[in-house]
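Let me begin by presenting the structure, written as structure tokens, before commenting on it.
Nothing in this text is a laboratory measurement; each read-out follows from the coordinates by a stated rule. Since the structure is predicted, the reported quantities are computational estimates derived from the model, not experimental observations. Note that each Cβ is placed from the backbone with ideal geometry, even for glycine, and that neighbours are counted across all protein chains shown.
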Amino acid sequence: MSNIQQTLSIIKPDAVERNLSEEIKKAFKINNFNILKEKKVKISKSEAEKFYQVHQSKPFYNDLCEYLSSGPIVVMVLEKNDAILENRKLMGATDPIKAEEGTIRKKYGISIDKNSVHGSDSLDNAKIEIDFFFKD
Ligand code: UDP
Ligand code: MG
């Protein structure tokens, strides 16, 4: 049965900085994601804090928000059947060392914090995250 979903993808500062955006976008396209919306932005620390508020009690929260706001990022709305899970699979595990061969994080991630991409983890969060960046 078809289950078309939209998910939010972010190419994080470490990957944008290394000019990997086009290569990462190619990975989405090869894997049959449609890139419905896309923009390059630089967010403030307080915007990053809002975006990652689910993690506010975590020890890495402050560094994470510093990092996401440290340079340009590319945000995209991706569409595909089961897009949320499929994108999580294509990204690989949070820690690039643990990510499977062929995944984006395995190929490009530098470390658990500089892991090149973000992807929504649920239908509810996908909606919230897409609105965060693309609600006009
Ligand atoms: N993160 C980190 N240290 C950790 C765990 C996570 O710096 O020990 C960062 C990492 O960049 C990750 C983000 O926080 O992508 C959000 O964490 P989450 O557990 O939601 O991982 P994800 O959903 O991105 O795989
Ligand atoms: Mg997450």
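Mind listing just one residue for me: the one in the stretch 46-73 that is in a helix (DSSP H, G or I) and away from ligand 1 (no atom under 15 Å from the Cβ) and, of those, nearest to F132 (Cα to Cα)? It would help to see each step written out before you state the result.
Kept after step one, since they are in a helix (DSSP H, G or I), are these residues of the stretch 46-73: 46-51, 53-55, 61-68.
Checking which are away from ligand 1 (no atom under 15 Å from the Cβ) leaves us with 46-47.
Numbers: S46: 13, E47: 9 Å.
Taking the candidates together, the pick is E47.
Answer yes if at least one residue in the stretch 117-127 is of a type in the set (D, E, K, R), more than 16 Å from I10 (Cα to Cα), surrounded by fewer than 19 Cβ atoms within 10 Å (Cβ to Cβ) and without any contact (Cβ under 8 Å) to a residue 12 or more places away in the chain, and no otherwise. Even if it seems obvious, please write down each step before you answer.
Of the stretch 117-127, the ones of a type in the set (D, E, K, R) are 121, 124, 127.
Of the ones still in play, those that are also more than 16 Å from I10 (Cα to Cα) are 124.
From the residues that got through so far, the ones that are surrounded by fewer than 19 Cβ atoms within 10 Å (Cβ to Cβ) too are 124.
Still in the running and without any contact (Cβ under 8 Å) to a residue 12 or more places away in the chain: 124.
Yes - at least one qualifying residue is present in the stretch 117-127.
Residues in the stretch 90-114 that are surrounded by fewer than 20 Cβ atoms within 10 Å (Cβ to Cβ) and within 16 Å of L68 (Cα to Cα): how many?
Looking only at that region, the number is 6.
Please work out which one of (1) part of a loop (DSSP other than H, G, I, E, B); (2) without any contact (Cβ under 8 Å) to a residue 40 or more places away in the chain is the condition I110 fails and give its number.
Evaluating I110 over (1) part of a loop (DSSP other than H, G, I, E, B); (2) without any contact (Cβ under 8 Å) to a residue 40 or more places away in the chain leaves (2) as the failure.
Checking the condition on the phi < 0 side of the Ramachandran plot and touching a Cys at 6+ places or on another chain (Cβ under 8 Å), which residue from Y61, Y52 passes?
Y52
So that you can scan it fast, the table gives a plain yes or no per residue for (1) more than 18 Å from P13 (Cα to Cα); (2) in contact (Cβ under 8 Å) with a residue 40 or more places away in the chain; (3) part of a loop (DSSP other than H, G, I, E, B); (4) near ligand 1 (Cβ under 8 Å from one of its atoms):
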site: L78; (1), (2), (3), (4): yes, yes, no, no
site: E86; (1), (2), (3), (4): yes, yes, no, no
site: A99; (1), (2), (3), (4): yes, no, yes, no
site: I130; (1), (2), (3), (4): yes, yes, no, no
site: F133; (1), (2), (3), (4): no, yes, no, no
